[in-house]
Amino acid sequence: MWRRLQTLAPALRRAAAAAAAAPAAPASSAARTAPLSSAAAAFRRTSPLLSGDKPATVEDVMPIATGLEREELEAELQGKKRFDMDPPVGPFGTKEEPAVIESYYNKRIVGCPGGEGEDEHDVVWFWLEKDKPHECPVCSQYFVLKVIGDGGDPDGHDDDDNTHH
């Protein structure tokens with residue numbers, strides 16, 4: 001959410017500045033624009049996130065963040081990444097030494113782009129599951145899943161919950 005506020009703040013400041021710098025307009029158009037500009041000005045005065053003094057920071061948003069967003073922001077304050085969204089980089093996975101993919105859950109969708117140079121291929125997507133090594137059908141690269149979180153199913157339905165159908 002704080003990223004959205006950072007992108008919204010300049011637009012609100014520009015709109016308020018344009019409204020303040022506009023020449024006097026006929027009464028009918030001034031009546032139409034006054035509520036919007038006065039509301040934006042009031043919000044800008046009362047909101048520390050859009051005060052114009054500085055861009056919003058993680059510390060500004062922490063009081064309203066909850067759940068996984070809060071965990072991510074707390075880790076960012078410590079200079080860490082809670083959820084690493086960067087693609088894994090490492091040596092080509094072989095049967096003896098497979099590429100290790102980390103996941104918070106017991107399974108994860110993985111995309112294999114192949115090796116480097118001539119060994120590259122279109123990305124092949126597949127489910128990688130805990131304790132089940134997977135071989136890419138195109139380049140024969142091997143992958144294994146390392147669970148770094150609590151585990152469980154990513155969609156919230158564990159396999160032993162199939163009795164509710």
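Every read-out reported here was derived from the displayed coordinates using simple, explicitly stated rules and does not represent laboratory data. Just so we're clear, the structure is a prediction, and the values are computed from it rather than from any experiment. Note: ideal-geometry Cβ built from the backbone for every residue, glycine included; neighbour counts use all protein chains shown.
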*Could you list all residues from segment 66-92 that are of a type in the set (A, V, I, L, M, F, W, C) and in contact with a strand residue (DSSP E or B) (Cβ under 8 Å, 6 or more places away or on another chain)?*
PHE92
_Filter segment 81-103 down to the residues that are within 15 Å of the chain's Cα centre (by Cα) and either of a type outside the set (A, V, I, L, M, F, W, C) or more than 30 Å from HIS134 (Cα to Cα) (or both) and list them by number._
LYS81, ARG82, ASP84, ASP86, PRO87
*Consider LYS80 against the criteria (1) without any contact (Cβ under 8 Å) to a residue 24 or more places away in the chain; (2) within 26 Å of PRO137 (Cβ to Cβ): it satisfies all of them except one. Which criterion is unmet?*
(2)
_When the residues of segment 65-80 are narrowed to those that are in a loop (DSSP other than H, G, I, E, B) and within 17 Å of the chain's Cα centre (by Cα), which ends up farthest from ILE148 (Cα to Cα)?_
ALA65
